[in-house]
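Structure first, then comments.
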Amino acid sequence: MTPPPAIELRRICKSFGPVQANKDISLKVMPGTIHGIIGENGAGKSTLMSILYGFYKADSGEILIGGRETQIPDSQAAIKAGIGMVFQHFKLVENFSVLENVVLGAEDGSFLRPTLARARKHLTDLARDYEMNVDPDAKIEDLSVGHQQRVEILKALYREANILILDEPTGVLTPAEADHLFRILRGLKAEGKTIILITHKLREIMEITDTVSVMRRGEMTDTVKTAETSPQDLAERMVGRKVLLRVDKAPARPGKTVLEVKDLRVTDGQGVERLRGIDLTVRAGEILGIAGVAGNGQSDLLDVLGGIRAATGAVTLNDAALSLSGPGSDARARRRAGITHVPEDRHRLGLILDFKAWENTGFGYQDLPKYCQGLMMDNRALREDTDAKMARFDVRPHDPNLAAKNFSGGNQQKIVLAREIEADPDLLLIGQPTRGVDIGAIEFIHQRIVELRDAGKAILLVSVELDEILSLSDRIAVMFDGRIMGERLPGQTDETELGLMMAGMEGRAA
Amino acid sequence: MQKLPAWADVVLLPLINLALAFLVSGLVILYIGENPLQALKVMVNGAMGSTRGWGYTLFFATNFIFTGLAVAVAYHASLFNIGGEGQAALGGLGVALVCLAVDWPFWWMALPAAIIGGAVFGAAWAAIPAWLNARRGSHIVITTIMFNFIASALMVYLLVNILKAPGMAPESAGFPEGSHLPTAYDVLGLFGIPFNRFAPLNVAFLVALAACWGVWILIWRTRLGYEIRAFGKSEPAAVYAGISPVRIIMVTMLISGALAGLMGINAVMGEAERLTLDAVQGAGFVGIAVALMGRNHPVGVLLAAILFGALYQGGIELEFEIPAISREMILVIQALVILFTGALDGMVRTPLERVFASLRKGAA
């Protein structure tokens, strides 16, 4: 007789106001398997997992854990039912030790000492069993991102989780760290744990899962055995139509040097040097891709070139020197000089989420003559221009009066992209162009970037997605710890070599 | 959670808050053995039952419009200016100096000069906290409130030692005849409309209405207003867009301080016609409640200011008509309204949002 499923969902429905986030979702996950859930942004993956972890209550439907119907009104109940969750953004107390974080919320008495002693023993066992060595006395803030993630997993295991849900776990990891994570997950699976992996990376689904479910617009459209599918097939199921996974582009025809950066250095507020002497050039009609694990200085580089952060060194744009600190080094001056910037974090920088789409179209360009008359804004001109941009960039819904926060991630990115590309820059800075963007829009955004290149513009691309770097760039520079580790041509390198360089190793001798 | 529809946020919610405030006030009045309905009747009648009542209500409202707009403008840049009290006091000083410096022949010559005087002094008083915030990162709430105390001490010093007119009271000399502003009685009389002769409502009310319109244009129509709102929503994004935080903080606080300072043309020039120690009378703080209740929109500020004006005038009548309800009781009622419409806004908001959410579900 087969055992009951570890998790069974029966006809789960959840709506937020008029939006139905989960429609009639049924799912069975067998114990001791790794089950992947993929879907575009806004497909309802996170809502479904939040229901399972007790953050939301389903409007209707049943949850069965190990064959028994279970009510999960809050996360305490989820933990009791043996469910552990590792969030995309870790929920750790930065200045607590590993041990304290693991125990937090699971203290079994009024006094901390005996709990900590027991936890230390337990943690050592877990670390031994699952190849998860973490110093129990290290402070979280001193740990690498990969180690922090291990602490999150240990936290769940300490609470005796039998079902582990991981939400986009590899977004912040180097390829090597991701491999280690997968080894850990395989070990857990061998122990009989059930794992649900939410990701948008098809490669990971293919590599590690046993079964995979596809979600589209709040519905669970397919559940298939991973062995019986392919990345192309899954992508089509996710989007509901044929998609291009590789970027279709002609060879670059680079022209004269547009951007030249020499010995660029940035020191942050804590006195830490974030950029330690960056040298690079970008030519017209060329995409220079910067690869690297998040936090190795790529953001600082974009900020300096975009006029958000002061630096020392020398930067020339079309042979004219740019000032790097003081007046004339702000974002306004950069835009006048011909640099436009699609920032890495469109929510924090690129958009004012409460502003309407038409107000966001003028953002950063509020003093252009076409958008204002003297001291007054020309709101009508802005609205008309937004309307036209939305048509050209296929922004949906096509409504200039809708607030930016009400668009999906992909459409928000299109609003920013339309603004920055149509400002006709000599140099476009673009960070994480497709982060949190669905597959259909990724294709569109990549095409626009290549079109801009073919129009003879220089493009500096920063992305933590190696796939994206490899398929878009004409040249690749790898950053590690504030330095450029080296440059490679996309045809003459591979993920392994770039991954090593991203981890600070020199890579193969070129 | 879906937000409230706009009309519920702007109209329904304040009305519910107000009703709750009156309900609790009614209980308090009941507790001291008076009839709450009778008290309500006296208040409404006193504030709006006669041209005299209206004359006082709108006079108080004029003060609250200026201080309310001051808070609202700063709020759009995410600056919480609670220094309206001090800025208005200094604005009164500026108005007084202008009125005393020149023997003005006509009020319509004195008024523009007094507007400049009040605005410049109010703005100057806001400039120091603004600069400390923009350059040194000092918290604007702390610095503006501290500047209220400094302003109060400064006014005492000036009125006791320098500006004091002969006599017992610490107040300046009366302003020259030519700087006296026409009252509602004078203006409406020109059109043959009778109005109470002694009510202090004067042409400064029209200046306040113009200020409402000006603030609306500023915030929603000008490039500066766009930049102020963008900065208020997100400072990092504003920097990304090339908007200078220092410039926005300084300019916004100068405008805010100037608006508070304009209160002087109503209270000092329009009514007292001399500079006194208690010219502001807490209007700076009422401005916070007015801006909160008016959702930082000039129209909302105007309506909320009239409500608070009525509350002030009605309170004075109540104190006079029903002796058992003392001055302190009036303060309690006013405080309850501020508490319910301002600080306890969220108490009603969340349940109301739930009601609307379930209504929506029922309709779907």
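Values quoted throughout were computed directly from the atomic coordinates according to the rules given, and no laboratory measurement underlies them. Model, not experiment: these values are computed from the prediction. All Cβ positions, glycine included, derive from the backbone under ideal geometry; neighbour counts span all protein chains shown.
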_I'd like to know which of A:Ser46, A:Val172, A:Ile83 lies farthest towards the positive end of the charge dipole of the range A:7-239, counting +1 on Cβ of Lys and Arg and -1 on Cβ of Asp and Glu._
A:Ile83
*asked:* So, R0 is 60 Å and r is the distance between the beta-carbons of A:Asp279 and B:Trp108; what FRET efficiency does that work out to, to 0.05?
replied: 0.30
*Would you kindly state the longest site-free stretch of chain A, with sites defined as trypsin sites (Lys or Arg not before Pro) in a DSSP loop (not H, G, I, E, B) surrounded by at most 12 other Cβ atoms within 10 Å?*
A:257-507
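Charges at C-beta only: +1 for Lys and Arg, -1 for Asp and Glu. How large is the resulting dipole of the range A:7-239 about its Cα centre, in Debye rounded to 20? Intermediate values should be presented prior to the final figure.
Values: 29 positive and 33 negative charges, 95 e Å.
So the dipole magnitude of the range A:7-239 works out to roughly 460 debye.
Counting only C-alpha contacts under 8 Å and six or more residues apart, can you give the relative contact order of the range A:262-392 as a whole percent? Kindly include the intermediate steps, with their values, before the conclusion.
Numbers: 132 pairs, mean separation 20.1, N = 131.
RCO, the range A:262-392: 15 percent.
Grab the other residues whose beta carbon is less than 14 angstrom from that of A:Ala138, score K and R as +1, D and E as -1, and report the net.
Combined, the nearby Lys, Arg, Asp and Glu give -3.
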*Could you work out the local net charge near B:Leu188, counting Lys and Arg as +1, Asp and Glu as -1, over the other residues with Cβ closer than 14 Å to its Cβ?*
+1
_Taking just the alpha carbons, could you work out the radius of gyration and Dmax for chain A, both in angstroms?_
24.4, 80
*asked:* Just want to confirm a number: the relative contact order over chain B, from Cα pairs under 8 angstrom separated by 6+ residues, in percent.
replied: 35 percent
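For the pairs A:Lys28/A:Lys225; A:Lys155/A:Lys189; A:Lys91/A:Lys189; A:Lys370/B:Lys233; A:Lys14/A:Lys57; A:Lys45/A:Lys414, note any where the Cα-Cα span goes beyond 19 Å. Kindly include the intermediate steps, with their values, before the conclusion.
On the way: A:Lys28/A:Lys225 13 Å; A:Lys155/A:Lys189 17 Å; A:Lys91/A:Lys189 24 Å; A:Lys370/B:Lys233 24 Å; A:Lys14/A:Lys57 8 Å; A:Lys45/A:Lys414 23 Å.
Beyond 19 Å: A:Lys91/A:Lys189; A:Lys370/B:Lys233; A:Lys45/A:Lys414.
How would the range A:255-372 be classified by its alpha-carbon gyration tensor: rounded, prolate or oblate, with rounded meaning a/c under 1.5 and the a/b versus b/c comparison settling the rest?
prolate
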_the range A:7-239 - percent relative contact order, Cα under 8 Å, separation 6 or more_ = 29 percent
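Determine the calculated [θ] at 222 nm for chain B from helices alone, applying -39500 (n - 2.57) to every DSSP H run no shorter than 4 residues and normalising by the residue count; nearest 500 deg cm²/dmol.
Helices in chain B give a 222 nm mean residue ellipticity of -23000 deg cm²/dmol.
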*Number of partner chain Cβ atoms within 10 Å, mean per residue of B:237-249*: 6
_If neighbour count is taken as other Cβ atoms inside 10 Å, put B:Trp108, A:Trp358, B:Trp216 in order from fewest to most._
B:Trp108, B:Trp216, A:Trp358
*Return the average number of partner chain Cβ atoms within 10 angstrom of each residue Cβ along peptide A:349-361.*
3
*Stretched out fully, how many nm does the piece from A:Leu112 to A:Lys256 gain, at 0.36 nm a residue minus the Cα gap?*
45.3 nm
*Sorted from largest down, give the three principal axis spans of the alpha carbons of the range B:56-301, whole angstrom values.*
55, 44, 29
*Mind listing which GluC sites (Glu not before Pro) in the range A:123-194 are in a DSSP loop and have 14 or fewer other Cβ atoms within 10 Å?*
A:Glu131, A:Glu160, A:Glu191
*Over the Cα atoms of the protein assembly as shown, what is the Rg over Rh ratio if Rh follows Kirkwood?*
1.04
*Shielding by other protein chains, B:216-222, mean Cβ within 10 Å*: 2
*Set of aspartates and glutamates near A:Lys405 by C-alpha distance (under 13 Å), chain-local residues within fewer than 8 positions excluded*: A:Asp354, A:Glu359
*Just report the Cα centroid separation between the range B:186-265 and the range A:411-464, whole Å.*
41 Å
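Using only DSSP helix segments of four residues or longer, with each worth -39500 (n - 2.57), what per-residue ellipticity at 222 nm results for chain A after dividing by its residue count and rounding to 500?
Helices in chain A give a 222 nm mean residue ellipticity of -9500 deg cm²/dmol.
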*Under 12 Å Cα to Cα from A:Lys201, which aspartates and glutamates show up? Leave out anything in the same chain fewer than 8 places away.*
A:Glu40, A:Asp167, A:Glu168, A:Asp438, A:Glu465, A:Asp467, A:Glu468
*Rank these for me by crowding, B:Glu177, A:Glu497, going from fewest to most other beta carbons within 10 Å.*
B:Glu177, A:Glu497
*Where does each of B:Leu336, A:Leu460 land when they are ranked from fewest to most other beta-carbon atoms within 10 angstrom?*
B:Leu336, A:Leu460
